[in-house]
Ligand SMILES: Nc1ncnc2c1ncn2[C@@H]1O[C@H](COP(=O)(O)OP(=O)(O)OP(=O)(O)O)[C@@H](O)[C@H]1O
Ligand SMILES: [Mg+2]
């Protein structure tokens, strides 16, 4: 039986009449990298905020490594490091003071805290920015500060809400390496991302959430295989690019031959294809009319 480090049952979050998260249940296994994928407004951040005790849910049960957050939020908080999507930094104090204030919350002795901050800053490249104010940093460096804050108390579970949004390519790869290294040492990771290549290469399992409901969960491979491991992409008459899935290469080849004159490409199915099947593509056909 898998060892579930995060258990969420029947989680619902409502804002007034609007249900942002609608009775979802999920489990994250100890030591895995779990991806939470979904279009803008699907409910990813709201879920992450509830699970990390930052928002009280309307209904549902959340247990983090044995700590039911409704009765022992503090115990749960000790185990988790959170990189929030909205870069919650105190704008009036320096980057150094921001990091220290996060560490103090975890009751890390001051000397140890400063030593850890310096070591982590060195790894991430943040040292030259420590005495600046958040407003003097670019978006990417602010995000790296928040990532550092999430790591400061050596949490056993990391929640990363779009941690690579706005990071340059080099820094994305740096963060992937950090995630992989920490995961190898036993850290469990809950990550949201809009980059399907990132999810495909990092995550052991992913869930796809749309409109507050989880539509699918599995390894990226399992989700692709459900639709068919082979994809033919081709141009439709209206200029749109379409995809069709196949379970065998033979079937895919046959269809590809039929569509070859329509710019067809035969390739493996990607998580991005699966994601679009669940989320649906946004219809922009009116753009011609609107732009005149
Ligand atoms: N404090 C709030 N008050 C009212 N509605 C909210 C609040 N926070 C979130 N929502 C709504 O809940 C829904 C889910 O938002 P959420 O931020 O969880 O989406 P998301 O999946 O994280 O999207 P994104 O990919 O854009 O970050 C959205 O419709 C959003 O407008
Ligand atoms: Mg979000």
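For segment 269-292, what are the residues that are surrounded by 12 or more Cβ atoms within 10 Å (Cβ to Cβ) and in contact with a strand residue (DSSP E or B) (Cβ under 9 Å, 6 or more places away or on another chain)?
Restricting attention to segment 269-292, the residues satisfying the condition of being surrounded by 12 or more Cβ atoms within 10 Å (Cβ to Cβ) are 269-279.
Residues satisfying the conditions are 269, 270, 271, 273, 274, 275, 276, 277, 278, 279.
Here is a list of conditions, (1) modelled with pLDDT under 95; (2) crowded, with 19+ Cβ neighbours inside 10 Å, and residue 176 meets all of them except one; can you say which number that is?
Status for residue 176: all satisfied but (2).
Among 51, 13, 104, 21, which is the only one that is closer than 19 Å to residue 154 by Cα and within 16 Å of ligand 2 (Cβ to nearest atom)?
Details: 13 fails: closer than 19 Å to residue 154 by Cα; 104 fails: within 16 Å of ligand 2 (Cβ to nearest atom); 21 fails: closer than 19 Å to residue 154 by Cα.
On inspection, the qualifying residue turns out to be 51.
Going through segment 151-166 one residue at a time, which ones are within 16 Å of ligand 2 (Cβ to nearest atom) and surrounded by fewer than 19 Cβ atoms within 10 Å (Cβ to Cβ)?
165, 166
Given the criteria modelled with pLDDT of 95 or more and either within 16 Å of ligand 1 (Cβ to nearest atom) or surrounded by fewer than 14 Cβ atoms within 10 Å (Cβ to Cβ) (or both), does residue 31 qualify?
no
Per-residue answers, yes or no, for (1) closer than 26 Å to residue 179 by Cα; (2) modelled with pLDDT of 95 or more; (3) in the same structural domain as residue 179 (by TED's automatic domain parsing); (4) within 12 Å of ligand 1 (Cβ to nearest atom):
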| residue | (1), (2), (3), (4) |
| --- | --- |
| 16 | no, yes, yes, yes |
| 26 | yes, yes, yes, no |
| 45 | yes, yes, yes, yes |
| 59 | no, yes, yes, no |
| 62 | yes, yes, yes, no |
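For the list (1) surrounded by 14 or more Cβ atoms within 10 Å (Cβ to Cβ); (2) modelled with pLDDT under 90, I need the number of the one condition that residue 88 fails.
(1)
Looking at (1) out of contact with any strand residue (DSSP E or B) (no Cβ under 6 Å at 6 or more places or on another chain); (2) closer than 23 Å to residue 275 by Cβ; (3) buried (at least 20 other Cβ atoms within 10 Å of the Cβ), which is the one condition that is false for residue 195?
Tallying (1) out of contact with any strand residue (DSSP E or B) (no Cβ under 6 Å at 6 or more places or on another chain); (2) closer than 23 Å to residue 275 by Cβ; (3) buried (at least 20 other Cβ atoms within 10 Å of the Cβ), residue 195 fails exactly one: (3).
The values are calculated or read from the model by the stated rules, or taken from the named source; none is laboratory data. Bear in mind the structure is a predicted one, so any value in this text is a computation, not a measurement. Cβ: placed from backbone, ideal geometry, glycine included. Neighbour counts: every protein chain shown.
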